Amino acid sequence: MWSGPRNISTAMMRSWGNRNDTVVVDEPLYAHYLAVTRKPHPGIDEVLAAGETDWRKVVAGLTGEVPGGKRVFYQKHMTHHLLPDMDREWLDKLTNCFLIRHPREVLASYAKVIDAPDLEDLGFVQQIEIFEWVRKTTGNVPPVLDAADILRDPRRMIGLLCESIGVEFQEAMLSWPPGPRQTDGVWAKYWYTEVEKSTGFRPYQGRQIELPERLEPLYAECLEDYEILYAQRLR
């Protein structure tokens with residue numbers, strides 16, 4: 001699942017992690033990304049100490065046997081973690097899906113943690129690039145889900161995703177116990193406060209979002225890429 005930040009991606013990981021046939025992994029390329037970019041993210045030293053910084057070793061684990069003898073390996077990826085100099089061929093061994101969220105909502109949430117994000121931080125450009133690579137390589141349009149659609153009707157949208165990739169829907173995907181998980185990254189304490197309180201997908205609450213003027217140009221850049229993927233979404 002290729003997502004940008006602040007995009008109900010952890011809730012989706014909870015949903016899949018609550019299946020009885022699935023193992024999940026949380027942003028496995030994060031340590032490599034930080035080792036290369038040195039972005040001043042919260043807990044950077046902890047992430048680098050806990051994670052594998054060689055992307056080739058990470059990919060070997062992502063494309064090998066499913067851990068724990070499970071049938072489904074749900075990989076929560078951030079699109080911006082797939083840096084330009086990394087090989088893309090390994091993606092052909094995965095079933096690639098895409099999770100999008102309106103950039104105004106993303107920016108409002110992200111700026112609470114990272115005060116001055118740039119285009120590369122938000123993942124929209126990278127998401128389009130990965131999407132087009134998958135579409136060209138497979139000859140098919142990969143599944144795209146919009147966060148607002150999921151929150152409005154989780155059963156329908158998760159069901160459509162399962163159907164599109166040939167995995168049976170499980171009722172357990174709609175609710176889960178609160179609290180942290182051993183599979184959460186060490187960065188959870190900085191980013192997962194709300195999802196740790198959750199027991200399911202929270203109803204969508206549309207609201208008027210006013211961004212600081214300094215973020216409006218960035219929003220406009222992200223919006224163009226978002227709208228391309230939005231037109232391809234499952235519905």
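The values are calculated or read from the model by the stated rules, or taken from the named source; none is laboratory data. Source: prediction; values computed, not measured. We place every Cβ from the backbone using ideal geometry, glycine too, and count neighbours over all the protein chains shown.
So, in region 1-25, of the ones that are part of a helix (DSSP H, G or I) and among the aliphatic types (A, V, I, L, M), which residue ends up surrounded by the fewest Cβ atoms within 10 Å (Cβ to Cβ)?
Selected residue: 11.
Could you tell me whether residue 204 is of a type outside the set (D, E, K, R), in a helix (DSSP H, G or I) and either out of contact with any strand residue (DSSP E or B) (no Cβ under 8 Å at 6 or more places or on another chain) or in contact (Cβ under 8 Å) with a residue 24 or more places away in the chain (or both)?
Here the answer is no, as residue 204 does not meet what is asked.
Part of a helix (DSSP H, G or I), out of contact with any helix residue (DSSP H, G or I) (no Cβ under 6 Å at 6 or more places or on another chain) and either on the phi < 0 side of the Ramachandran plot or of a type in the set (S, T, N, Q) (or both): is that true of residue 129 in this structure?
The answer is yes for residue 129.
Give me the residue from region 186-200 that is among the hydroxyl-bearing types (Ser, Thr, Tyr) and assigned to a loop (DSSP other than H, G, I, E, B) and, out of that set, surrounded by the fewest Cβ atoms within 10 Å (Cβ to Cβ).
Out of the qualifying residues, it is 199.
Would you confirm, using the coordinates I've provided, whether residue 63 is over 25 Å from residue 190 (Cα atoms), touching a Lys or Arg at 6+ places or on another chain (Cβ under 7 Å) and modelled with pLDDT of 95 or more?
Spelling it out, residue 63 is indeed over 25 Å from residue 190 (Cα atoms), touching a Lys or Arg at 6+ places or on another chain (Cβ under 7 Å) and modelled with pLDDT of 95 or more.
Tell me the residue from 174, 145 that is within 22 Å of residue 4 (Cβ to Cβ), modelled with pLDDT of 95 or more and not small (Gly, Ala, Ser), please.
The unique qualifying residue is 145.
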